[in-house]
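Worksheet for the structure shown next.
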Amino acid sequence: MKAITRNAIFEPSSPAKLDWVGSCLNDISESFKWNKLAVIITNRANYIGSLGSTDRINGLLRLHEHLTLIHKNWPDAVFLNSSQLGDVMTNKLNINEPY
């Protein structure tokens, strides 16, 4: 059994005063510095508006900013969901092949 350890946090709705984009980019940078995967934890509540429409709009704007900066800083970054990452870890999926 393999465990997926998340080592980066992106929760733009709580608390809103924190620079979640900068903080998570720093977490990603640290992971890559040590040749580790960056596995980001985030919650859908940041994007669906159950906490309020302002949180949804802010969350989606921060997510767009975050993904744009990831792509800018690490253009070869690959984005996977947890299921796909598990498949990569168990050799059921090759990230160099379409999925």
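Being of a type in the set (D, E, K, R) and surrounded by 12 or more Cβ atoms within 10 Å (Cβ to Cβ) is a condition met by no residue of region 66-86. For region 41-99, a residue qualifies if it is touching a residue at least 12 places away in the same chain (Cβ under 8 Å), hydrophobic (A, V, I, L, M, F, W, C) and touching a Lys or Arg at 6+ places or on another chain (Cβ under 8 Å), and the qualifying residues are I41, M89. Within the set G86, G49, the sole residue that is at positive phi and modelled with pLDDT under 90 turns out to be G49.
In the set (1) touching a helix residue (DSSP H, G or I) at 6+ places or on another chain (Cβ under 6 Å); (2) modelled with pLDDT under 90; (3) surrounded by 17 or more Cβ atoms within 10 Å (Cβ to Cβ), the condition left unmet by V21 is number (2). Which residue is nearest to D27 (Cα to Cα), if the candidates are limited to region 68-99 and must be outside any helix (DSSP H, G or I) and of a type in the set (D, E)? The qualifying residue nearest to D27 (Cα to Cα) is D76. When region 6-35 is filtered for residues that are touching an Asp or Glu at 6+ places or on another chain (Cβ under 9 Å), in a loop (DSSP other than H, G, I, E, B) and over 20 Å from Q84 (Cβ atoms), the ones remaining, listed by number, are P12, S13, S14, A16, L18. Filtering A3, A38 for residues that are within 30 Å of N91 (Cβ to Cβ), out of contact with any strand residue (DSSP E or B) (no Cβ under 9 Å at 6 or more places or on another chain), free of Cβ contacts under 8 Å to residues at least 60 places away in the same chain and in a loop (DSSP other than H, G, I, E, B) leaves a single hit, A3.
K33 passes every criterion in (1) within 11 Å of the chain's Cα centre (by Cα); (2) at pLDDT 95 or above apart from (1). Could you tell me how many of the residues in region 37-65 are loosely packed, with under 12 Cβ neighbours inside 10 Å and closer than 17 Å to A8 by Cα? Counting residues in region 37-65 that are loosely packed, with under 12 Cβ neighbours inside 10 Å and closer than 17 Å to A8 by Cα gives 2.
The values are calculated or read from the model by the stated rules, or taken from the named source; none is laboratory data. Only a predicted model underlies this, so the values are computations on that prediction, with no experimental measurement involved. Cβ atoms come from the backbone with ideal geometry, glycine included; neighbour counts cover every protein chain shown.
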